[in-house]
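Structure record follows, encoded as C-alpha cells.
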Amino acid sequence: MSTGGIFATVTSFPGRFMRSLVGKIIILGFIILLLMIPYFMAVGLRRDRMNRSRNAEREVSEKWGGKQLIAAPVLAIGVQTVRKVKRNGNAGQVEYTRSTWHVLPENLSVESSIVPEIRFRGIYQVMLYKAKIRIKAKFSDLPGSLPGECKIDEAGQTEILFRLSDVKGIQKLEGKIDGKGVKPLAGKVISFPAAWKKEAKTLEFSAELDLNGCRNLLFLPIGKNFSLSMDSPWPHPSFSGGFLPRERQISEKGFHAEWTVSELNSAFPQSWIGNLNTALPVDNDYMSSSKALGVSLVQPAGVYQQVERVSDYAFLLIAIVLVAFLIGESVTKIWIHPIQYFFAGLALVMFYVLLLALAEHMPFNLSYLLSTLIISGMTVLYCRMIFAEKRSAAILLGGVMLLAYLLIFVLIRLEDYALLAGSGVLLVLLGVLMRVTGNMNRRELAEAQAPSPESKGE
C-alpha cells in the first residue's frame, strides 16, 4: 500500500479516486447538486408560507375591503341615436335607438388621506387602511359635445356614476350636484340622480367618501385635467401605476404625493355612447395596468422577501463552507467521507428552514443571528468528531461559517452593490481553489515516484 498521504492511501482505483483532490472536487460538485433537492424543498416551504399569508390577507380583506380602484365620477345622460333606415323599399325612414351618453369631467380634483391599520390573522400581518377621499368635478360644454346623430332623450335618466372595485369598503358616501345634496343609489354601479336640463352647459359634482381597503388605493385619471393628492402617516409607500407623482415628500412621519394628468396623456375618451364598461372597466387588469395611478402601502422587506433574498445566496454559502472543509481535510491530512460532506451541507440547507420558522415570530435580524449560531454550533460539534484531536480545525471552520453568514447578511443589506460584492467573493473563492490545486500535478508526480514500502524493504 502507498503512503503518499490522504490523497493516495489505497491501491484500488475507487479508493485512490475518492482520496485524490480531483476526485474530491468532483464529489463536492455532485454533493452540491444533490443538496439542491432539499434546498428547493425549503424554497417550496417558503412559497407555501407566503401563499398562506396571502390567503390570510384575502380572508381579512373580504370582510373589510379589498384593494381599491376608483373610477369616478362619470356623467351618464340618456340619449336617442337617430339613423335612417330602408324598410319595404322606402328609404329615408328614421329609427330611434335609446342609449347612454357618458361624459368625463372637464376638471377632476381628488384629495385623499390614508390612515394605515395593521391587523393579524393568526401569525400573519395584514396591511389595511381607512381613507377619507374628497372629490370635486366639473362637467362643461355638455350639449356642444353631443354627437350630431344623437339627441337628448327627454324620458331618459341623467345621473352621476360612482364606480369602485370593492363597494364593501364604503363606510360613508355623500354627494352634491350643483351644491345640492343628493343621496346615492346602490347597485352594481353607485349612482347619484341628477336634475340636469339640456339647456344647462355645466354641471358640478362633489363627494366625500370614507373607504376601507387593503394595501392598494388607486385611481383612474379620467377627465381633461386630473389632479390627485395623497397624505398618510405611513413612511413606506410604493407609488404604483403608469404615472409617478410630480411632487412627493417621504419621511419617518409619513408621505405626501401629488399627481397631475392632462388629456394629452390620458388613456380615456372624453365621451362615448354605449356601455360604461366599454371604456372604464374596473377589474384586476386595470388594477395592475399602467392606466391607473396611486399608492401601495408596503412593509419594508417583509419576512418572506428577506428570507428569499438570503436563499438567493445558498449556492455561495454552501460552496464557501464545503471548500473550507476541503482545505481543512488537505491541511490536517484527515480524510472526510463524502457522507460527512453531505450532512454538513444538509445543515446549511436547514439554516433556511430554521430562519423562516423563527422570522415568522420574531424580528428578522434576531432570527438570522439565532439561526446562524445554532447551525454554526452544530457544524462545529460535527467537525470536532470528524477531526478528532485536531480541535483547532473545527474552530477555524466555525469561524469560516460565521464569516460566511456575516457576508451574506451584508450582501442582502447592500442591495445596489450586492452583485458587485457577491462577484468579489466568488472571485476570492475561485482564487483559493486555484491556490489549493496549483501544485496538484507536481504532488501527484512526487507521490507516483516515491518508493513503496516493499521496494524499501528490498
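Each value in this text was obtained by applying a stated rule to the coordinates, not by laboratory testing. Not measured: the values here are computed from a predicted model. Cβ atoms come from the backbone with ideal geometry, glycine included; neighbour counts cover every protein chain shown.
The label-point distance for Arg134 and Val82, in a model that sets each label 7 Å from Cα toward Cβ, rounds to 4.4 nm. Close lysine pairs were tallied over segment 148-271: pairs 8 or more places apart or on different chains with Cα atoms under 25 Å apart number 26.
Shown here is the pair-distance distribution of segment 67-298: with all Cα-Cα distances grouped in 5 Å bins from zero up to the longest one, the shares run 1, 6, 14, 17, 18, 14, 10, 7, 5, 3, 2, 1, 1, 0, 0, 0 percent.
Of Val74, Val60, the sequence from fewest to most neighbouring Cβ atoms within 10 angstrom is Val60, Val74.
The label point for Lys183 and the one for Phe40, both projected 7 Å from the Cα toward the Cβ, are 6.2 nm apart.
First measure r as the distance between the Cβ atoms of Ser423 and Arg119, then evaluate 1/(1 + (r/R0)^6) with R0 = 45 Å and state the FRET efficiency to the nearest 0.05.
0.60
In this simple spin-label model, placing a label point 7 Å from the Cα along the Cα-to-Cβ direction at both Leu406 and Leu430 gives a separation of 2.6 nm. The calculated FRET efficiency for the pair Ile250 and Ala200, based on their C-beta separation and a Förster distance of 51 Å, comes to about 0.70.
Cβ crowding within 10 Å ranks Tyr313, Tyr352 as Tyr313, Tyr352, fewest other Cβ atoms first.
If R0 is taken as 35 Å, the Cβ-Cβ distance between Arg52 and Ser330 corresponds to a FRET efficiency of 0.15.
Exposure proxy for Tyr382, Tyr96: other Cβ atoms within 10 Å of each Cβ, ordered fewest to most, give Tyr96, Tyr382. With 0.36 nm allotted per residue and the present C-alpha distance subtracted, the Glu174-Leu370 stretch has 65.2 nm of extension available. Ordered from longest to shortest, the equivalent ellipsoid semi-axes for segment 159-261 are 29, 17, 12 Å, each the square root of 5 times a Cα gyration tensor eigenvalue.
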